[in-house]
Amino acid sequence: MSFYPELDRLKLEELVQHFRMPPPEGEDYAIAYYQEVAQLIRQKGEAGIAFLQQEINRANTAQLQAILFALTETKLDDLALRELLFSYLKDDRPIVVMEAIDALSRQGEKDALDSVLALREHPSPYVRGSVLRFMRHLYPDRAFPLLIKALKDPDFIVRENAADELGELDAIEAISYLHPLIEDSHPDVRQAAQTAIAILESLQSV
């Protein structure tokens, strides 16, 4: 469902104007706004892709995150983009690092394993969470111990991510590790744990 349905029928030139404007509802909504505009621009084909690529060096953080998401939502064979994503793993903006890891995951870049694993103790919970998503998606056979350890991360964002990914991993043996999180201090973690347990318990009855 679109958050900004008024954008859906705009032409590329109009979408470009919106992308270069401040978010209409303020900076608190910048990520959601720019991501939706960038996705619509990407759907315009080669011309849209070209705009997003040329906008990378002038984009602010929220715009850059949106560009990286839009360009990699589907497979895009572009060596320059691949190299750019690897370079962003060393960026000083956690949200950009997170999006680069998620983008490498979406693109199936298994060669990024060592570079991504080097960030598993990153100070930002957003980055640590993206490492978990990368591992579950591309290296599910190696993800389980990392996810179990992350259930005890001091930040709720990481604990929530770990619970979500364990549910997606279909590892029934994770149920006993997830049960303590039903009483976690954060509601998002409790909900994630309950959902993951329900998914895994359903597998037991199959």
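What the table below lists for this structure:
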| read-out | value |
| --- | --- |
| GluC sites (Glu not before Pro) within segment 17-113, DSSP loop, no more than 12 other Cβ atoms inside 10 Å | GLU25 |
| Translational diffusion coefficient (Stokes-Einstein; Kirkwood radius from C-alpha pairs) of segment 118-206 at 20 °C, 1.002 mPa s, in µm²/s | 170 |
| Amide N of segment 13-40 lying under 15 Å from the label point, which is placed 7 angstrom from the Cα of PHE3 along Cα→Cβ | 19, 22-40 |
| Euclidean distance between Cα centres, segment 128-206 to segment 9-42, Å | 33 |
| Accessible surface of the chain, 1.4 Å probe, proportion on carbon and sulfur as whole % | 51 |
| Accessible area expressed per residue, the chain, with surrounding protein chains retained (probe 1.4 Å, Å²) | 53 |
| Two-decimal Rg/Rh across segment 48-108, once Rg and the Kirkwood Rh are taken from alpha-carbon atoms | 0.91 |
| Cross-link table LYS11/LYS90; LYS44/LYS152; LYS110/LYS149; LYS110/LYS152, entries beyond 32 Å C-alpha to C-alpha | LYS11/LYS90; LYS44/LYS152 |
| Dimensionless Rg over Rh [the chain; C-alpha; Kirkwood] | 1.01 |
| Percentage relative contact order, the chain, counting C-alpha pairs under 8 Å, at least six apart | 11 |
| Length released on extending from ASP78 to GLU46, taking residue separation times 0.36 nm less the Cα-Cα span | 10.3 nm |
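The values are calculated or read from the model by the stated rules, or taken from the named source; none is laboratory data. Treat the numbers as computed from the prediction; the structure is a model and nothing was measured. Please note: Cβ atoms are built from the backbone with ideal geometry, for glycine as well, and neighbour counts cover all protein chains shown. To get the accessible areas, we keep the full protein, side chains included, count just its heavy atoms, and leave off ligands, DNA and RNA. Shrake-Rupley method; radii C 1.70, N 1.55, O 1.52, S 1.80 Å.
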